[in-house]
Amino acid sequence: MVSLCFAQGCESKYQDNWGKVHTGMTKQEVEALLGPPSSKYDAKEVDGEVIVAEDRWQYGDNLSTLATGALFPSEAHPHAWAISFGPSGRVSQIQAADFDN
């Protein structure tokens with residue numbers, strides 16, 4: 001029960017502050033606004049094949065989103081809030097969680 005309340009509190013924080021995140025922000029600015037991410041994916045290329053195009057931070061992960069990310073790291077899970085950072089280390093893309101699908 002406590003973990004459920006904690007998760008809901010975290011979810012509320014992401015929802016409340018999500019609209020303040022914008023392209024061009026630094027990783028430090030994002031973390032100051034949302035706190036530490038629940039998972040991080042570093043840009044990765046193997047033998048010329050792009051596995052993860054840009055560094056990506058996700059918020060609001062659960063066991064399902066983490067498992068999917070381990071198997072398919074190239075894209076953010078639709079049930080997690082995701083922020084991608086370009087080569088400059090600044091926000092390049094923002095994806096809000098979609099719980100309707």
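Out of (1) of a type outside the set (A, V, I, L, M); (2) surrounded by 14 or more Cβ atoms within 10 Å (Cβ to Cβ); (3) more than 11 Å from the chain's Cα centre (by Cα); (4) not in a loop (DSSP other than H, G, I, E, B), what's the single condition that is false for Gln28?
(2)
Conditions tested, residue by residue: (1) under 15 Å from Ala96 (Cα atoms); (2) at pLDDT 95 or above; (3) not small (Gly, Ala, Ser).
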| site | (1), (2), (3) |
| --- | --- |
| Gly24 | no, yes, no |
| Lys27 | no, yes, yes |
| Gly35 | no, no, no |
| Trp57 | yes, yes, yes |
| Leu63 | no, no, yes |
| Leu66 | no, no, yes |
| Ala70 | no, no, no |
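The values are calculated or read from the model by the stated rules, or taken from the named source; none is laboratory data. Predicted model, so just to flag it, every value in this text is computed and none were measured. Virtual Cβ from ideal backbone geometry, glycine too; neighbours counted across all protein chains shown.
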